[in-house]
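Enquirer: Just dropping this structure here.
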Amino acid sequence: MLKNIIFDCGGVICEYVVQDILDRYFDRADQPIVQPVLYRDWNGLDAGTRNYWEYAHESEDLVPERLKEKVRFFFQDWFRTQPPIEGTWALAARLKARGYGVYLLSNAPTVYADYIAEIFPILKMFDGLVISAPIHKIKPNADIFEYILQKYGLIAEECLFVDDMETNVKGAIACGMQGYHYHADAEKLLKVIEAQEEK
């Protein structure tokens, strides 16, 4: 029986499009210079193996002088500028009202963990949040799925994991959860969940 819905953040709770993010901070002509610097080890930020602010300062040192201030502002601000996917917010609130447990599991740097509930108020009604960097575990590896199950006392077979990246969905399925590859299609996801209720 399905009891819990575990949502990813970027691409599910909010939009996460690298090009759109870069366009907010840098001219298109400068993006080929800054993008390889900003994202040179983003996986390390998500995994918590790189200190976010040290990485930010290093990034400033790797760009021309004229771009240093923009890089500094990028690291201070990018995580505050992702538009919410309103259909997901409405669906999460609806599922919560129906009695489902609602959780968040996201690959993201430590700075995200510090501010995410403030940036996305819908998360204040969630039953639990897990961000990858502070726990040094990252999707699609099994240990992060096992972590959220253990932390909140969840049973894998009773959980549906929702992510916009198929590789992460497959990781959840390998750990015994149900999985759903999300394309900002809240109504389609609701139908999948309701079909579970009819079984």
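All of the numbers you see were taken from the coordinates with simple rules; none came from a lab. Note that the coordinates shown come from a computational prediction; the quantities given were computed from them, not determined experimentally. Positions of Cβ are generated from backbone atoms using ideal geometry, with glycine treated the same way; all protein chains shown enter the neighbour counts.
Enquirer: Among bridges DSSP assigns within the chain, what percent are antiparallel (round to 5)?
Expert: Around 5 percent antiparallel, to the nearest 5.
Enquirer: Next question, about the same structure. For helix 86-97, what angle does its Cα long axis make with the longest principal axis of the chain, in degrees from 0 to 90 and rounded to 10?
Expert: Approximately 40 degrees, to the nearest 10.
Enquirer: Under 10 Å, Cα contacts only: if you run a Gaussian network model on the chain, which one of Asp61, Asp46, Asp143 comes out with the highest mean-square fluctuation?
Expert: Asp61
Enquirer: While we're looking at this one, here's another question. If r is the Cβ-Cβ distance from Glu86 to Val17 and R0 is 25 Å, what FRET efficiency results, to the nearest 0.05?
Expert: 0.95
Enquirer: Rounded to the nearest 20 Debye, what is the dipole magnitude of region 18-80 about its Cα centre when Lys and Arg each give +1 and Asp and Glu each give -1 at the C-beta?
Expert: Approximately 100 debye in magnitude.
Enquirer: Check which residues have an amide H placed less than 5 Å from Cys14's amide H, if you skip close sequence neighbours.
Expert: Ile85
Enquirer: Val130: net charge of surrounding residues, Cβ under 15 Å, Lys/Arg +1, Asp/Glu -1, itself excluded?
Expert: That sum, taken over residues with Cβ under 15 Å, equals -4.
Enquirer: Also: For Val130, list long-range residues whose amide hydrogen, built 1.01 Å from N in the peptide plane, is under 5 Å from its own amide hydrogen.
Expert: Distant-sequence amide H within range of Val130: Leu104, Leu105, Ser106.
Enquirer: Extension gain Trp53-Gln196, at 0.36 nm per residue separation less the Cα-Cα distance, in nm?
Expert: Difference between extended and current length: 47.1 nm.
Enquirer: Calculate for the chain the 222 nm mean residue ellipticity that helices alone would give, adding -39,500 (n - 2.57) per DSSP H run of length 4 or more and normalising by residue count, nearest 500 deg cm²/dmol.
Expert: The helix contribution divided over the chain gives -14000 deg cm²/dmol.
Enquirer: At 0.36 nm per residue, minus the direct Cα-Cα distance, what do Met125 and Ala93 gain on full extension? Give it in nm, one decimal, please.
Expert: So the extension gain works out to 10.7 nm.
Enquirer: For the chain, what is the charge dipole size about the Cα centre, in debye to the nearest 20, if Lys and Arg each add +1 at the Cβ and Asp and Glu each add -1 at the Cβ?
Expert: In debye, rounded to 20, the chain gives about 340.
Enquirer: While we're here: For Ala172, what is the net charge nearby, where nearby means another residue's Cβ is under 12 Å from its Cβ and Lys, Arg count +1, Asp, Glu -1?
Expert: With Lys, Arg at +1 and Asp, Glu at -1, the neighbours total -3.
Enquirer: Just to be sure I understand the model, the point goes 7 Å from the Cα along the line to the Cβ. What's the resulting Tyr115 to Lys70 distance in nm?
Expert: 2.0 nm
Enquirer: For an R0 of 41 angstrom, estimate the FRET efficiency from the Cβ-Cβ distance between Asp185 and Ile33 and round to the nearest 0.05.
Expert: Working from the Cβ atoms, E equals 0.70.
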